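The structure's right below; bear with me while I get my questions together.
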Amino acid sequence: MSGTAPKGAIVALAPAGADAPMPEGPAVMDQYAKQFVPGMLYVRVGQPVEFRNTEDIGHNVTVNRRDTGAAVFDIETDPQEKHVHTFDRVGQYDVNCSMHPGMQATLVATRSALATTSGDDGRFTIANVPAGAYTLSVTFAGRTVDRAVDVKGPRTEVRVTP
């Protein structure tokens, strides 16, 4: 499935009338070699996220909502320690280590396992979507637009405008 949406929108697809099961265990973002790994992490709203430090030096994790800049948390992570946080809102979050400029990552919280973000041109693709009825949720500019979508095959095209 592919389509267009506002630039940088979070695009999620959920089976109509059903909640997808929550993944087992936490999602993980590690601090390793003065980098956040992975640099882009998709998580489910309500899924715990472990922010680990597997290095032998101290770091911190600062998380802010991208759309508002509001602080979510700022915590030190000593070597071999972790901090667990559960995101309760759909959104894009900027992740930084203020102790080491250049350590940056993006976390995207969605309500569905089938999710992506639209590019600078607004294009997006969600691969391997089985045929069926879905709810398409597009989050941008602090609001979410839901639309019913019938996926008939890999060439299903949708367009969401603000």
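The values are calculated or read from the model by the stated rules, or taken from the named source; none is laboratory data. Computed from a prediction, not measured in an experiment: that's the story for all the values here. Positions of Cβ are backbone-derived with ideal geometry, glycine not excepted, and every protein chain shown enters the neighbour counts. To get the accessible areas, we keep the full protein, side chains included, count just its heavy atoms, and leave off ligands, DNA and RNA. Shrake-Rupley method; radii C 1.70, N 1.55, O 1.52, S 1.80 Å.
Can you give the relative contact order of the chain as a percent, counting alpha carbon pairs under 8 Å and 6+ residues apart?
Across the chain, relative contact order equals 35 percent.
Limiting things to C-alpha atoms, what are the Rg and the maximum Cα-Cα separation (Dmax) for the stretch 29-143, in angstroms?
Calculated on Cα positions, Rg and Dmax stand at 15.3, 49 Å.
Let me ask another. If I compute solvent accessible area with a 1.4 Å probe over the protein chains, what percent of it on the stretch 75-162 is carbon and sulfur?
47
On to the next question. Is there a quick way to get the dipole size of the chain? I mean about its Cα centre, with the Cβ of Lys and Arg at +1 and of Asp and Glu at -1; what is the value in debye to the nearest 20?
780
Turning to a different aspect of this structure: Percentage of Cα-Cα pair distances in the stretch 41-108 greater than 18 Å, rounded to whole percent?
Everything past 18 Å amounts to 33 percent.
Same structure, new question: Could you please state how large a percent of the accessible area of the stretch 1-47 is carbon and sulfur, counting protein chains only and using a 1.4 Å probe?
Roughly 57 percent of what the probe reaches on the stretch 1-47 is carbon or sulfur.
Let me ask another. Tally Lys/Arg at +1 and Asp/Glu at -1 over every other residue whose Cβ is under 13 Å from the Cβ of residue 142; what's the total?
+3
Counting only DSSP beta bridges with both residues in the stretch 14-125, tell me the antiparallel percent, nearest 5.
DSSP beta bridges in the stretch 14-125 are roughly 70 percent antiparallel.
Here's something else I'd like to know. Roughly how many Å² is the accessible area per residue of the stretch 8-162, as a whole number, for a 1.4 Å probe?
54
Which lysines have a Cα less than 29 Å from the Cα of residue 34, not counting those fewer than 8 places away in the same chain?
By straight Cα distance, residue 34 reaches 82.
Which one, 141, 72, 59, projects farthest toward the positive side of the charge dipole computed for the stretch 4-162 from Cβ point charges (K/R +1, D/E -1)?
Of the candidates, 141 comes out farthest on the positive side.
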